[in-house]
1. So, in region 317-330, how many residues would count as being open to solvent by less than 20 Å² (accessible area, probe 1.4 Å) and either among the aromatic types (Phe, Trp, Tyr) or in contact with a helix residue (DSSP H, G or I) (Cβ under 7 Å, 6 or more places away or on another chain) (or both)?
2. Which of (1) part of a loop (DSSP other than H, G, I, E, B); (2) over 23 Å from residue 314 (Cβ atoms); (3) hydroxyl-bearing (Ser, Thr, Tyr) is the odd one out, the single condition residue 446 does not satisfy?
3. Only one of 331, 322 is of a type outside the set (Asp, Glu), modelled with pLDDT of 95 or more and within 17 Å of residue 376 (Cβ to Cβ); which?
4. Residue 338 passes all but one of (1) closer than 29 Å to residue 456 by Cβ; (2) open to solvent by 20 Å² or more (accessible area, probe 1.4 Å); (3) out of contact with any helix residue (DSSP H, G or I) (no Cβ under 6 Å at 6 or more places or on another chain); which number fails?
5. So which helices (runs of 4 or more DSSP H) are wholly in region 61-157 and hold at least 1 residues that are surrounded by 15 or more Cβ atoms within 10 Å (Cβ to Cβ) and in contact with a Cys (Cβ under 7 Å, 6 or more places away or on another chain)?
6. I'd like to check something: does region 411-420 contain any residue that is touching a Lys or Arg at 6+ places or on another chain (Cβ under 7 Å) and not in a helix (DSSP H, G or I)?
7. Would you mind telling me which numbered condition in (1) assigned to a helix (DSSP H, G or I); (2) surrounded by 15 or more Cβ atoms within 10 Å (Cβ to Cβ) residue 381 fails?
8. Give the number of residues within region 460-493 that are open to solvent by 20 Å² or more (accessible area, probe 1.4 Å) and in contact with a Gly (Cβ under 9 Å, 6 or more places away or on another chain).
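The values are calculated or read from the model by the stated rules, or taken from the named source; none is laboratory data. Quantities reported herein were computed from a predicted structural model and do not represent experimental measurements. When we count neighbours, we look across all protein chains shown, and the Cβ atoms used for this are built from the backbone with ideal geometry, even at glycine. Only protein heavy atoms, including side chains, enter the accessible area calculation; ligands, DNA and RNA are left aside. Shrake-Rupley method; radii C 1.70, N 1.55, O 1.52, S 1.80 Å.
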Amino acid sequence: MAFVQVSCTKSESKSKLDSKKYDLTFSSPSFKKETNELIGVYFMPSWNTSPDPNVDRDSFWSCLQNPADCANLQNTGTWGPRGRIYNARYPYEGPYLNRKPIAELKGFYSRTDPEVARKQLQYMKSYGIDFFAYDWFFGRHYFYHLYFGPQSKIYYPQGWPIDPNRDGRVAVPGLVEWGDQLDVLLAENAKLPKEEQLKFAINWCDDSHERWMLWLKVGSPEEMARNANYPGEKPDKALYLKVHEKITQLWIDQYFSREDYLKEADGRPVVYFYFPQDTESRAAFYGLKMNDLLELSQATAKKAGLPGIKFIAVMAGPMLERERMYGLPTRWRANNPNRPWEGGRYQNRQLLQEYVPRLKGMGFEGMTAYVYHNFMEKDNRSYADMRETYRRHWNRWSEQFKNDPNFEYQVPVAMGWDMRPAGGTWPQTSGFPSEPYKDLVHSDKSSFTAKLKEAQSISQKYRSTNGNTVMICCWNEYLEGNYIEPTEGHGFSYLEAIRDVFGKK
């Protein structure tokens with residue numbers, strides 16, 4: 001999942017600073033927070049890639065152990081018709097067994113193992129992490145039947161229309177993808193004593209072109225011919241907006257009502273929004289703007305009795321004119337308007353520094369990042385490079401928003417980058433990665449600690465507008481080489497670094 005406040009002085013009273021914190025009412029009994037940074041970490045789910053329902057081929061563990069079992073490497077849409085190609089110049093360098101989680105987490109664990117989920121939560125809490133932002137995916141194209149046993153438990157807003165003559169066929173499609181891990185985490189979190197529970201937030205990842213094509217294909221002649229759709233089911237503007245409302249209502253019903261959801265002091269739930277440009281460009285297909293969608297979410301939340309939602313954009317992207325072809329799109333146009341599911345073009349691309357100033361007008365109240373791969377001409381070819389590019393981003397965006405009382409920059413940190421288990425950086429249809437030299441961004445406890453201290457320093461320097469959140473990528477991005485979960489390779493080093501910088505045992 002990657003690319004490539006009140007303005008006040010430092011003499012401001014503690015009460016004003018504390019008013020900028022999120023509503024975190026409990027702390028770990030084994031961890032004393034010595035600073036008031038709020039530490040978040042992204043959590044990436046895995047899923048079953050096996051076509052056999054009786055076999056669980058985990059998307060993470062299969063790629064770490066055997067390229068023949070790795071669905072990422074066989075993906076023709078990513079790597080071309082032959083999949084990922086290995087040769088003398090681009091050799092296979094696995095297996096990547098140093099990324100195997102520690103024995104206490106049962107090694108290559110099951111994503112829905114309650115004991116593992118509880119252990120993950122306890123590790124996060126006891127080492128100073130305050131909340132996790134779960135990478136949340138939604139398949140908007142799925143129609144289903146509420147009177148059909150296996151589908152009867154899928155979420156559907158109460159009172160919304162169904163067709164009783166078709167086993168309760170829903171009128172508004174869409175369901176959560178890869179959410180089973182979150183369900184287990186939340187179930188285990190609720191069982192913990194309140195003072196040991198962790199906060200969580202949604203990081204909405206509406207970033208899959210493949211899912212966009214499947215949505216546009218709803219109601220096509222091909223889908224009608226195979227009885228996947230019924231007459232009247234089509235992906236028009238009205239249904240697109242209704243699905244967006246459904247997504248928001250799902251958040252309200254299943255997440256926002258929980259005590260462990262991350263909220264502002266005023267009661268507004270916080271939603272991270274990964275790569276808004278993907279959503280913006282596709283909404284533009286219907287003549288919609290980003291603020292149309294966020295305003296719909298706000299209205300839906302207020303109708304449910306909430307004071308609103310705080311949206312934080314998760315951003316990265318190129319900054320050089322010669323890279324504009326890889327820039328952030330603002331519009332998607334179909335090659336054939338009559339058959340849009342066959343493909344189209346992402347247009348009106350902007351550089352990161354052009355896109356970011358537009359976020360506030362879209363309805364966002366802050367910005368952070370997942371992974372920064374470069375800053376202007378500076379690429380990440382080592383962790384020293386990554387530390388430098390991050391410092392430049394921190395300074396650039398902290399300075400840009402330092403006088404804005406209504407837009408915060410949450411300081412991001414990354415553990416590293418090494419995408420070799422998924423084939424390398426970045427995939428090409430030739431079957432080879434285009435920038436394999438970027439898969440050498442490796443940190444250790446010492447260099448990660450130094451980066452955390454730098455992040456803490458910049459956060460405190462711009463506290464009046466940055467707020468107090470430091471976002472760490474990631475708990476478990478194993479295929480991208482960005483993981484702080486304890487493994488056989490690095491043990492508890494990264495968790496110890498967080499504890500050492502932001503508190504003490």
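1. The first filter runs over region 317-330 and keeps only residues open to solvent by less than 20 Å² (accessible area, probe 1.4 Å), leaving 317-319, 327-329.
With either among the aromatic types (Phe, Trp, Tyr) or in contact with a helix residue (DSSP H, G or I) (Cβ under 7 Å, 6 or more places away or on another chain) (or both) added as a condition, the list becomes 317-319, 328-329.
Looking only at that region, the number is 5.
2. Every listed condition holds for residue 446 apart from (1).
3. Working: 331 fails: within 17 Å of residue 376 (Cβ to Cβ).
Checking each option against the conditions leaves just 322.
4. (1)
5. 61-65, 71-74
6. Within region 411-420, the first condition is being touching a Lys or Arg at 6+ places or on another chain (Cβ under 7 Å), and the residues that meet it are 413, 417.
Applying the additional criterion that residues be not in a helix (DSSP H, G or I) yields 413, 417.
Yes; the residues of region 411-420 include at least one that is touching a Lys or Arg at 6+ places or on another chain (Cβ under 7 Å) and not in a helix (DSSP H, G or I).
7. Looking at each condition in turn, residue 381 falls short on (1).
8. Here the count works out to 1.
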